[in-house]
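Every number in this text was worked out from the coordinates using simple rules, so none of it is lab data. This is a predicted model, so every value here is computed, not measured. All Cβ positions, glycine included, derive from the backbone under ideal geometry; neighbour counts span all protein chains shown.
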Amino acid sequence: MFGGHVVAMRSPETIPRSGVRTVVAGIVLTALSACTYDDVSRVGRPDVSRSGLNFGYAVSSSWLANTDYAEIVRRDATIVTPENAMKWDHIHPEPDVYDFSGADEIVAQARANGQTVRGHTLVWHQQLPSWLEDGDWSRDDLIDVLRDHITTVIGHYRDRFPGVVTQWDVVNEAFTSQGLRRDSLWQRVIGDDYIELAFRFAREADPAALLFYNDYYDDSMLGAPGRGGDGPTADGRCDVVPKCVATRNLADRFVRAGVPIDGIGFEGHVFDGRPVDYQAFSSWTLELGLQWALTEVDGPLAASDGSDPAALEAQAAMYESMVDDCLTSPNCDTVVVWGVTDSQSWVTQHTHGALGHAVLYTADFEPKPAAERVLSAIHRAHSTAGALDLGARTRSPTPRDG
Ligand code: XIL
């Protein structure tokens, strides 16, 4: 372990892979038949205190006002991520103005539900306010702005909602598909060390929170040949995909140099129905003493396939396989699905209507086969898990060096 700090992880033996697969195979038929809200609600919320697994959704404060939506989030989730409310354009709209209103609603509701929160995201190239994006910054001035933002945002949640925001996506999507640094305000003005600076500021602001680098590694989103691009492909093999290699090199360097990092977020937007090689992620992060998490899972279907049983079954299998990869990994304890219902998932807008139906519930708040499959797999794992090591859920409050 680095920095003299122990990252506690669940033992690989606690949830036997074959056990989970057998159990899940047994519910395929039930999952295929129409499952109702009541079927799923009987399953109830997983008991994280017993299994150490966090499961939940990206949420928006405006949708939490909808009682059906809020009830699904309350019932299913043990962790939530603000989908947009903590991004710069929402939370820091003017140089001297922080607007915590939307994010506070989400965090307050999570606290009332006994849930925790993944903070998302402190440094990204998108959704920046114009005062920041268009500013004429010197390196030193932009570092000051970055420090102030990270210190203020993390500090707000550390003080107002102690113990609720347990994880932060500190830096989001900093690499291109080729494994190079993505052009961004941060990269242009501050240079290569902006990532390291951000992690150091975050650790100073809340020594107890888990700090993640978050990105997407799915073949289709990397623009692989035959999948809408001419970028690299390696059938999801993270030892060959340049962005995975770049992330691994960054994490390796951080661990050796004592730069504070606890995990890698693997977004998991599976746009072509084929999950990539999460086993590789599990093993290299484990070697470095890091966690990994599935942070933004969704599985878009063609817009016309929303009620096609074969498509829904393939989607359910994809979700099951991803959840299984985390459940059976000793250093993954968090799965977040990027949205709650198909009517509000980002996919429709992002793909200009070509794809949709990407998440677990229909626009009418009905659970899809994937909902049944995911929730059942989690609950089965919980009931077979017995007493698991819960240490991976939160960091020790002891500050570490770096
Ligand atoms: C998306 C949101 O879902 C949309 O509502 C918003 O318009 C754009 O951002 N990777 C990320 C997320 O890290 O923050 C993005 O969320 C989806 C891709």
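Under a point spin-label approximation (7 Å from Cα along Cα-to-Cβ), what is the His352-Glu94 distance to one decimal in nm? It works out to 3.6 nm between the two label points.
The convex hull built on the alpha-carbon positions of the range 165-208 has an orientation-averaged projected area of 3.5 nm². Calculate, for Ser62 and Gln187, the FRET efficiency according to 1/(1 + (r/R0)^6) with r their C-beta to C-beta distance and R0 25 Å; round to the nearest 0.05. For Ser62 and Gln187, the calculated efficiency is 0.20. The charge dipole of the range 65-155, taken about its Cα centre with unit charges on the Cβ of Lys, Arg, Asp and Glu (plus for the first two, minus for the last two), comes to roughly 620 debye. The label point for Ala257 and the one for Asp364, both projected 7 Å from the Cα toward the Cβ, are 5.5 nm apart. Two-decimal Rg/Rh of the range 279-324 from alpha-carbon positions, Kirkwood Rh? In the range 279-324, Rg relative to Rh is 1.16.
When each of the peptides 104-110, 319-325 is scored by how many other beta carbons lie within 10 Å of its residues on average, the order from highest to lowest is 319-325, 104-110.
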